[in-house]
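Sharing a structure here in structure tokens format.
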């Protein structure tokens, strides 16, 4: 009979147990494997609490640096709402947003009014969505990414994880099947 030592657990060496554990973990998470995650590591808790309280806490890479700068300096008039925060929180979030802002071609130019939903790439990606969908009770607006993208809070907008909004008339399903 084999006895365990610090370097072995049962009849397998520790490395084999670790490999088996990693493979088991990978098997549990297949839906997320290969999904492009846009949310960078180290998301400040204040970002998900403050920004995520009213809308999707958008991955900073969806807007260029200049847009994030304007948004963070105008929080008292944030799209018709007073979203003002204390100075220390604004500095922390602004620095994180600037460090992780989009630099690739499709977000290099600020969209009209610094609205992600007005960006050319956003409009192109959602061109087959009927206007009535955006105002449906379960969607509310184009800014509510989580209504259709089940991974939005993780920064995943994979088409594989799209879901048809609850209560939406089936005639609009065509856009999800394309």
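Read-outs: derived from the displayed coordinates by stated rules, not from any lab. Given the structure is predicted, the values throughout are model-derived calculations rather than measurements. Backbone-built Cβ (ideal geometry, glycine too); neighbour counts: all protein chains shown.
In segment 59-82, how many are touching a helix residue (DSSP H, G or I) at 6+ places or on another chain (Cβ under 7 Å), crowded, with 18+ Cβ neighbours inside 10 Å and outside any helix (DSSP H, G or I)?
Of the residues in that region, 2 qualify.
Under the condition of being assigned to a loop (DSSP other than H, G, I, E, B) and in contact with a helix residue (DSSP H, G or I) (Cβ under 6 Å, 6 or more places away or on another chain), which residue from segment 142-163 is surrounded by the most Cβ atoms within 10 Å (Cβ to Cβ)?
151
On to the next question. Scan (1) farther than 19 Å from residue 58 by Cβ; (2) touching a strand residue (DSSP E or B) at 6+ places or on another chain (Cβ under 7 Å); (3) part of a loop (DSSP other than H, G, I, E, B) for the single condition residue 176 breaks and write down its number.
Of (1) farther than 19 Å from residue 58 by Cβ; (2) touching a strand residue (DSSP E or B) at 6+ places or on another chain (Cβ under 7 Å); (3) part of a loop (DSSP other than H, G, I, E, B), only one is false for residue 176: (3).
Those residues that are exposed (fewer than 14 other Cβ atoms within 10 Å of the Cβ) and under 18 Å from residue 58 (Cα atoms), I need them from segment 125-141; list them, please.
Result: 125, 140, 141.
From 56, 48, grab the single residue that is under 16 Å from residue 116 (Cβ atoms), surrounded by 11 or more Cβ atoms within 10 Å (Cβ to Cβ) and under 12 Å from the mean Cα position of the chain (by Cα).
56
A follow-up question, please. Go through segment 96-112 and report how many residues are assigned to a helix (DSSP H, G or I) and loosely packed, with under 11 Cβ neighbours inside 10 Å.
2
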